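Chemist: Quick one: structure below, then a few questions.
The values are calculated or read from the model by the stated rules, or taken from the named source; none is laboratory data. Here the structure is a predicted model, which means the values were calculated and not measured. Cβ: placed from backbone, ideal geometry, glycine included. Neighbour counts: every protein chain shown. Just the protein is used for accessible areas: all its heavy atoms, side chains included, with ligands, DNA and RNA removed. Shrake-Rupley method; radii C 1.70, N 1.55, O 1.52, S 1.80 Å.
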Amino acid sequence: MSDGDSTAEQGLSNLLHEERRFAPSPEFAAQANARAEMYERAAADRVGFWEDQARDLSWDTPWETALDWQPPFAKWFVGGTLNVAYNCVDRHVESGHGDQVAIHWEGEPGDTRTITYADLQREVCKAANALTELGVAKGDRVAIYLPMVPEAVFAMLACARLGAPHSVVFGGFSADALASRIDDASAKLVITADGGFRRGAPSALKPAVDEAVSRTSSVEKVLVVQRTKQDVEWHEGRDVWWHEVVDRQPDTHAYEPHDSEHPLYILYTSGTTAKPKGILHTTGGYLTQVAYTHKYVFDLKPDTDVYWCSADIGWVTGHSYIVYGPLANRATQVMYEGTPDTPDRGRLWSIAEKYGVTILYTAPTLIRTMMKWGEEIPAAHDLSKIRLLGSVGEPINPEAWVWYRRVVGHDETPVCDTWWQTETGALMISPLPGVTTLKPGSAQRPLPGISAEVVDDRGEPVPNGGGGYLVLTEPWPSMLRGIWGDDTRYAETYWSRFPGRYFAGDGAKKDEDGDIWLLGRVDDVMNVSGHRISTTEVESALVSHPKVAEAAVVGATDPTTGQGIVAFVIVRGTVGEDEAAGAEIVQELRNHVSKEIGPIAKPRQIMIVPELPKTRSGKIMRRLLRDVAENRSVGDVTTLADSTVMDLISAKLPASA
Ligand code: 6R9
């Protein structure tokens, strides 16, 4: 990022002009798990504070040393042992909550399963016994490639119980992606399904596994859940059905405590290079922080709440906030297999109404989609039980935040914008509901126990009002322990840019109160004529215009200005279809951005498009849009949720675009 001069700083202040404030209601504050004193306690004795949180878990052996920090390698709760599956399941049954529902599962076609904690204990034990029979021992890696079915949770917890690190691969990834992940982790077993239901039809998974396994050498067995009853090719001796092997197992299993630093899982995430990084998480510190953050940020009351995180289990959000955090806290939660528009656009709201959801955690991209579909859809459902909303995955623009609170949160619930990453394992920056006065669009403050800073190019903290890079200045319990098999890459990627500090790869600003506003990846920060402009900021300005449903902005190489701002915009209703009206809107929007942020942020070009290219986790693939903006042939589209989107976009553009 460049050293901003005052014009650029003024231009960047759009987000910081957001002046709406939402103080906690006295009723919410009175019952909140979080307390303002937590910040002081954690600041006075950070490691002691984390030890207090760790004591909420059940340990078989207490730790000797809370933190062993040899930068960039941290060990937490050294010498302690525990079992994650015991903590997430058995202890709740032992404390008399076996009949409490753990998971209200809803299949896309409308079939349902209700799984109590006692059921979960039996299923996890059977799965652990089956994995043992299939040759999986402590330390072996297991790849999981499943749809959103309860077996995905059983499988993850069975692995955790045995101490066999899992590597969950999102079910939408290709055979190629699966093969490289199996290979990198040398997985011994793959757990998959014939398929899952998506958009009203069965979608096969097993063929991708067959192809991936044929290209790798480590896999001995493939365990297959029958979900769709599609035909599958069968490899005798290698493939086994879940219902044949797991169902006949004893439903008890004596767990072994694992070392606090024993690997719990590997999760692959894409970085700036082509090869995905296998992010490694371990046991005690990880579980401590996911449970702690889930308890205080989502304000969970295990006896009365119905919690729903709409992420897929294939992403870190599913790992930490569907499986480990909520189950460690004895949550009752909803799990949904399919897409939000099947059979109709009200599906999420009808599920929320049916189960009486009280806490909802979702992504800005979904919120904006709901805005686009129209608020009469959620309004047609009884969402009155919802009392807290969360957002994750990308910066949430203030308009989406306010819409989410007004329409879904009936104008009264807290909305927590939670910043974190696959690498951080758990929430890092978020308001505390009941404590923090909320600012739409800002994740605000590092949670108690977390130390973050915004620094300039030289690593100096910026003053309030300034912008720069987000860094984490102290180790935290759920931090990644490395990149699987590549300590050098770990040290280089995260710890070399600002020695001794973790470089998150995100740009951020501090407002006058010192609150943090995330601006997106630093690679998404544009530099126009030496002025630093965030794609998020221009997008936010665009979507604040009533005619805009969604917008994505990229910096395209420009011979005179370095980069030029190119915006891709989805407009509401049918206005975009008429060419003359389209040209008029483009002009109107350029002026609007200019007015909102300043002339330096006026997009060079605005293209009205029917869709935006998104990954399966909902992140806009700006790389592809940059290809279009720079007149290149469009690059690799294999990680798009819908690979036809780029064709739709190209078809809508003038030949010279
Ligand atoms: C949990 C998750 C991490 C990247 C991260 C940042 C972006 C996530 C955000 C956010 C602004 C938020 N991000 N949450 N940006 N505000 N509340 O999404 O993990 O898939 O690893 O992505 O997502 O850019 O660096 P992951």
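Chemist: Filter the range 620-657 for residues that are assigned to a loop (DSSP other than H, G, I, E, B), at pLDDT below 80 and closer than 21 Å to residue 542 by Cα and give the result.
Modeler: 653, 657
Chemist: Here's something else I'd like to know. Open to solvent by less than 40 Å² (accessible area, probe 1.4 Å), in contact with a helix residue (DSSP H, G or I) (Cβ under 8 Å, 6 or more places away or on another chain) and assigned to a strand (DSSP E or B) - does that describe any residue in the range 587-599?
Modeler: So the first thing to find is which residues in the range 587-599 are open to solvent by less than 40 Å² (accessible area, probe 1.4 Å), and the list is 589, 592-594, 597-598.
Adding the requirement that they be in contact with a helix residue (DSSP H, G or I) (Cβ under 8 Å, 6 or more places away or on another chain) leaves 589, 592-594, 597-598.
Keeping just the survivors that are assigned to a strand (DSSP E or B) gives none.
Taking every residue of the range 587-599 in turn, none turns out to be open to solvent by less than 40 Å² (accessible area, probe 1.4 Å), in contact with a helix residue (DSSP H, G or I) (Cβ under 8 Å, 6 or more places away or on another chain) and assigned to a strand (DSSP E or B).
Chemist: Still on this structure: Restricting to the range 393-422, what's the tally of residues that are open to solvent by 20 Å² or more (accessible area, probe 1.4 Å) and within 16 Å of residue 296 (Cβ to Cβ)?
Modeler: Residues meeting the conditions: 2.
Chemist: Kindly establish whether residue 475 is under 30 Å from residue 30 (Cα atoms) and either touching a residue at least 60 places away in the same chain (Cβ under 8 Å) or of a type in the set (S, T, N, Q) (or both).
Modeler: Taking the combined requirement at face value, the residue does not satisfy it.
Chemist: While we're on this one: Out of the range 340-386, which residues are under 19 Å from residue 147 (Cα atoms), in contact (Cβ under 8 Å) with a residue 40 or more places away in the chain and in contact with a Phe, Trp or Tyr (Cβ under 9 Å, 6 or more places away or on another chain)?
Modeler: The answer is 341, 342, 351, 362.
Chemist: Something else about it: Yes or no: the range 198-208 includes at least one residue that is assigned by the TED database to the domain that holds residue 93, of a type in the set (Ser, Thr, Tyr), within 16 Å of the ligand (Cβ to nearest atom) and part of a strand (DSSP E or B).
Modeler: no
Chemist: So, one more: State all residues of the range 434-455 that are open to solvent by 30 Å² or more (accessible area, probe 1.4 Å), of a type outside the set (Ser, Thr, Tyr) and in a loop (DSSP other than H, G, I, E, B); if no residue qualifies, say none.
Modeler: Listed by number, the residues that qualify are 435, 445.
Chemist: Limited to the range 527-577, what total is found for residues that are surrounded by 15 or more Cβ atoms within 10 Å (Cβ to Cβ), modelled with pLDDT under 85 and of a type in the set (D, E, K, R)?
Modeler: Final tally of qualifying residues: 3.
Chemist: Just to be sure I understand, how many residues within the range 180-197 are in a strand (DSSP E or B), open to solvent by less than 10 Å² (accessible area, probe 1.4 Å) and closer than 30 Å to residue 637 by Cβ? Walk me through how you get there before you give the answer.
Modeler: Step one: of the range 180-197, the residues in a strand (DSSP E or B) are 189-193, 195-197.
Still in the list and also open to solvent by less than 10 Å² (accessible area, probe 1.4 Å): 189-193, 195-196.
Filter once more, so that each one left must be closer than 30 Å to residue 637 by Cβ: 190-193, 195-196.
Within the range 180-197, residues that are in a strand (DSSP E or B), open to solvent by less than 10 Å² (accessible area, probe 1.4 Å) and closer than 30 Å to residue 637 by Cβ number 6.
Chemist: Please indicate, with yes or no, whether at least one residue in the range 158-179 is acidic (Asp, Glu), surrounded by fewer than 24 Cβ atoms within 10 Å (Cβ to Cβ) and closer than 24 Å to residue 636 by Cα.
Modeler: Within the range 158-179, one or more residues are acidic (Asp, Glu), surrounded by fewer than 24 Cβ atoms within 10 Å (Cβ to Cβ) and closer than 24 Å to residue 636 by Cα.
Chemist: Please verify whether the range 61-78 includes one or more residues that are on the phi < 0 side of the Ramachandran plot, of a type outside the set (Gly, Ala, Ser), assigned to a helix (DSSP H, G or I) and out of contact with any Cys (no Cβ under 8 Å at 6 or more places or on another chain). Steps first, please.
Modeler: Keep residues of the range 61-78 that are on the phi < 0 side of the Ramachandran plot, which gives 61-76, 78.
Add one more test, that the residue is of a type outside the set (Gly, Ala, Ser), and what stays is 61-65, 67-73, 75-76, 78.
Narrowing further to those that are assigned to a helix (DSSP H, G or I): none.
For the range 61-78, residues on the phi < 0 side of the Ramachandran plot, of a type outside the set (Gly, Ala, Ser), assigned to a helix (DSSP H, G or I) and out of contact with any Cys (no Cβ under 8 Å at 6 or more places or on another chain): absent.
Chemist: Return the only residue of 372, 385 being open to solvent by 10 Å² or more (accessible area, probe 1.4 Å), at pLDDT 95 or above and not acidic (Asp, Glu).
Modeler: None of the other options fit; the residue is 385.
Chemist: With the condition kept exactly as written, say whether any residue in the range 287-306 is small (Gly, Ala, Ser) and either within 16 Å of the ligand (Cβ to nearest atom) or open to solvent by 40 Å² or more (accessible area, probe 1.4 Å) (or both). Full working, then the answer.
Modeler: Taking the range 287-306 first, the residues small (Gly, Ala, Ser) are 291.
Next, from what is left, pick out any that are either within 16 Å of the ligand (Cβ to nearest atom) or open to solvent by 40 Å² or more (accessible area, probe 1.4 Å) (or both): none.
So far as the range 287-306 goes, no, none of its residues is small (Gly, Ala, Ser) and either within 16 Å of the ligand (Cβ to nearest atom) or open to solvent by 40 Å² or more (accessible area, probe 1.4 Å) (or both).
Chemist: Mind checking which residues of the range 358-389 are closer than 25 Å to residue 553 by Cβ and not in a loop (DSSP other than H, G, I, E, B)?
Modeler: 362, 364, 365, 366, 367, 368, 369, 370, 371, 372, 373
Chemist: State all residues of the range 385-399 that are hydrophobic (A, V, I, L, M, F, W, C) and closer than 17 Å to residue 434 by Cα; if no residue qualifies, say none.
Modeler: Passing the criteria: 386, 388, 389.
Chemist: With the structure loaded, tell me whether residue 406 is more than 16 Å from the ligand (Cβ to nearest atom), more than 19 Å from residue 311 (Cβ to Cβ) and outside any loop (DSSP other than H, G, I, E, B) or whether it fails that test.
Modeler: yes
Chemist: Ok, one more. So if I check each of 321, 336, which one is crowded, with 22+ Cβ neighbours inside 10 Å and assigned by the TED database to the domain that holds residue 98?
Modeler: Residue meeting the stated conditions: 321.
Chemist: Output the residues belonging to the range 345-398 that are of a type in the set (Lys, Arg) and within 16 Å of the ligand (Cβ to nearest atom).
Modeler: Residue satisfying the conditions is 368 alone.
Chemist: Would you point out which residue out of 231, 259, 210 is modelled with pLDDT of 95 or more, among the charged types (D, E, K, R), closer than 30 Å to residue 63 by Cβ and surrounded by fewer than 21 Cβ atoms within 10 Å (Cβ to Cβ)?
Modeler: Exactly one of 231, 259, 210 is modelled with pLDDT of 95 or more, among the charged types (D, E, K, R), closer than 30 Å to residue 63 by Cβ and surrounded by fewer than 21 Cβ atoms within 10 Å (Cβ to Cβ), namely 259.
Chemist: Have a look at 497, 458 and point out the one that is within 15 Å of the ligand (Cβ to nearest atom), open to solvent by 10 Å² or more (accessible area, probe 1.4 Å), farther than 23 Å from residue 263 by Cα and free of Cβ contacts under 8 Å to residues at least 40 places away in the same chain.
Modeler: Going through 497, 458 in turn, the sole match is 497.
Chemist: How many residues, within the range 234-256, are part of a loop (DSSP other than H, G, I, E, B), open to solvent by 10 Å² or more (accessible area, probe 1.4 Å) and not aromatic (Phe, Trp, Tyr)?
Modeler: Quick first cut of the range 234-256, residues part of a loop (DSSP other than H, G, I, E, B) only: 234-238, 246-256.
Filter once more, so that each one left must be open to solvent by 10 Å² or more (accessible area, probe 1.4 Å): 234-238, 247-256.
If we keep only those that are not aromatic (Phe, Trp, Tyr) as well, we get 235-238, 247-254, 256.
Qualifying residue count, the range 234-256: 13.
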